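Following: one structure in structure tokens, then a few remarks.
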Amino acid sequence: MTIGWCFDNTYSRLPDPFKEEINPVPVKNPEIVILNKTLSKELDLDFSNLNEKKISELFSGNSLPAGSNSIAQAYAGHQFGHFTMLGDGRAVLIGEHLSKKKERYDIQFKGSGKTSFSRNGDGRAALGPMLREYIISEAMYNLNIPTTRSLAVVKTGEEVIRETPLQGAILTRVALSHLRVGTFQYIAAREKKNELEILLNYIIKRHYPNIQNSKNQALDLLKVVLEKQIDLVVNWMRVGFIHGVMNTDNMSISGETIDYGPCAFMDTYDPKTVFSSIDQMGRYAYCNQPVITKWNLSRFAECLIPLIDKNQKKSIELATEVINSFENKYEEKWLNMMRDKLGLFGAEDKDKFLILDLLTWMHQKKLDYTNTFCHLMDFETEKKENFKDNIFLEWKKRWQDRLKVNNNTPEKYMKLMRSVNPLVIPRNRKIEEVLNDANNNNIKPFKEFLEILKNPYSEQKNIKDFQIPSTSNEKYQTFCGT
Ligand code: AMP
Ligand code: MG
């Protein structure tokens, strides 16, 4: 039995400026920590005939599969607002794998050693952050949010030096592609229109073939990416996810959540929540995520200007019109998402007030975002006293009146609410706990948590402990430079 790799590496066939050919740097003593069997199946890959040693060799990049062709991708990006030339400094794309249904997936090793884009970095990654990406990306997938996925983590048997020496690791990331807003920025900065055209054609063929025959492909690409990104950020807002480092190099053209660094889920509802230690100004705070999405899309639009119209002025006008449609579209999608969270059918004028009043109350009372919606679905995860407050009871009356509208029934609204309000999320305190165990060679709690996160919308036994929020948001900090 073979593994089933079916590589067709279209990106590596693009001209030189797009990438650099480079192999992963071999590691000393690879040891598999976790392999995602469910995802393997979805990819039509079967590793069951490989022993642990062979699996470790494979996912460390020490032994590359036939048909792969390793490259580091070139890209640029606005990091906290500042433009920089970047590229895969610690990752290689080993190739594009086709499933039996001919679905195309990038297979990338993250933490695979230096490339010419490494700048001052060591090209490596530590075990904790790679397992963190693994568990949060898989949780996002199960929350029905577009995301890259995680196929495996191996320990390298080498140390990486951060503030202290840490165990080195490599994550295998699976994505629809790793094309970013930053990929466009890199090519646009080179000011060669033919290269931009190559990239535009490539992306449309790969991700948006439905606009292949459109009269203005560049403008239509901007429109579809804008829609995708609005859908994505609305999903993040729905579950209280804070990406933490929404630089333009971390915004995927396919609309997947990508690059899980200092991300975390909000416990107490506070729109200004920031976890990342380097985000001093709160640029990427929970409530700023839509604003930043629009800002990033504007940077994307700038790259497309030469392709939209021969007349630059006209081109800017057309792109601006699309970018300016952001607010209304976002507001509508956000409102509908919040209506779903409250089980409301149809759209009534007063819905926005009903929603905002609940959020304001939650904020003032410092209540947990996820658990408040659990309470509305009759799952008691919080102290009951929290919901005896008069303001809340008055609000609840308004909500219950609104629930009666549009032929709604308890069965209908409960079903709707249960489909969008998770009962469990990857809470910070639990994540820290299981990563700490994993760092001490005990991967069992990590795997148990992963199992629970597979069914975030279902009632499960023994999840009480996973529903307890951290004591205080302020105390929790996440770190970049991982
Ligand atoms: P990120 O913050 O993970 O999105 O990374 C931003 C840029 O820094 C990308 O070009 C990464 O490849 C690069 N980078 C991050 N960590 C390292 C590292 N340890 N060694 C080399 N490059 C890195
Ligand atoms: Mg990145």
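The values are calculated or read from the model by the stated rules, or taken from the named source; none is laboratory data. Predicted model only: the values in this text are computed from it and were never measured. Don't worry about glycine lacking a Cβ; one is built from the backbone with ideal geometry, like all the others, and counts go over all protein chains shown. The area values use the complete protein model at the heavy-atom level, side chains included, leaving out ligands, DNA and RNA. Shrake-Rupley method; radii C 1.70, N 1.55, O 1.52, S 1.80 Å.
Annotation note: of Lys310, Lys294, Lys333, the sole residue that is without any contact (Cβ under 8 Å) to a residue 40 or more places away in the chain, closer than 30 Å to Thr372 by Cβ and open to solvent by 10 Å² or more (accessible area, probe 1.4 Å) is Lys294.
Applying the condition of being in contact (Cβ under 8 Å) with a residue 60 or more places away in the chain, in contact with a helix residue (DSSP H, G or I) (Cβ under 8 Å, 6 or more places away or on another chain) and closer than 18 Å to Ala175 by Cβ to the stretch 187-230 and asking which residue is surrounded by the fewest Cβ atoms within 10 Å (Cβ to Cβ) yields Tyr202.
Among the residues of the stretch 129-143, those identified as touching a residue at least 40 places away in the same chain (Cβ under 8 Å) and either open to solvent by less than 10 Å² (accessible area, probe 1.4 Å) or away from ligand 1 (no atom under 16 Å from the Cβ) (or both) are Met130, Leu131, Glu133, Tyr134, Ile135, Ile136, Ser137, Glu138, Ala139, Met140, Asn142, Leu143. With respect to the conditions (1) at pLDDT 95 or above; (2) open to solvent by 30 Å² or more (accessible area, probe 1.4 Å); (3) on the phi < 0 side of the Ramachandran plot, Asp44 lacks only one, and its number is (3). Output yes when any residue across the stretch 267-282 is among the polar types (S, T, N, Q), within 16 Å of ligand 1 (Cβ to nearest atom), touching a residue at least 60 places away in the same chain (Cβ under 8 Å) and farther than 18 Å from His78 by Cβ, and no when none is. Yes, some residue in the stretch 267-282 is among the polar types (S, T, N, Q), within 16 Å of ligand 1 (Cβ to nearest atom), touching a residue at least 60 places away in the same chain (Cβ under 8 Å) and farther than 18 Å from His78 by Cβ.
Look through the stretch 365-402, keep the residues that are without any contact (Cβ under 8 Å) to a residue 12 or more places away in the chain and of a type in the set (S, T, N, Q), and return whichever of them is nearest to Arg418 (Cα to Cα). Filtering the stretch 365-402 for residues that are without any contact (Cβ under 8 Å) to a residue 12 or more places away in the chain and of a type in the set (S, T, N, Q), the one nearest to Arg418 (Cα to Cα) comes out as Gln400.
Of the residues making up the stretch 118-125, none is away from ligand 2 (no atom under 15 Å from the Cβ) and in contact with a helix residue (DSSP H, G or I) (Cβ under 7 Å, 6 or more places away or on another chain). One residue alone among Ser116, Ser150 is touching a residue at least 24 places away in the same chain (Cβ under 8 Å), open to solvent by 10 Å² or more (accessible area, probe 1.4 Å) and small (Gly, Ala, Ser), and that residue is Ser116. Return a yes/no flag: does the stretch 74-86 have any residue that is among the polar types (S, T, N, Q), free of Cβ contacts under 8 Å to residues at least 12 places away in the same chain and either farther than 12 Å from Glu20 by Cβ or open to solvent by less than 30 Å² (accessible area, probe 1.4 Å) (or both). Yes, the stretch 74-86 contains a residue that is among the polar types (S, T, N, Q), free of Cβ contacts under 8 Å to residues at least 12 places away in the same chain and either farther than 12 Å from Glu20 by Cβ or open to solvent by less than 30 Å² (accessible area, probe 1.4 Å) (or both).
Residue count for the stretch 72-90 satisfying the condition of being in a strand (DSSP E or B) and in contact with a Ser or Thr (Cβ under 6 Å, 6 or more places away or on another chain): 3.
Can you find a residue in the stretch 314-321 that is in contact (Cβ under 8 Å) with a residue 60 or more places away in the chain and either open to solvent by less than 30 Å² (accessible area, probe 1.4 Å) or assigned to a loop (DSSP other than H, G, I, E, B) (or both)? Looking for residues that are in contact (Cβ under 8 Å) with a residue 60 or more places away in the chain and either open to solvent by less than 30 Å² (accessible area, probe 1.4 Å) or assigned to a loop (DSSP other than H, G, I, E, B) (or both), one finds at least one in the stretch 314-321, hence yes.
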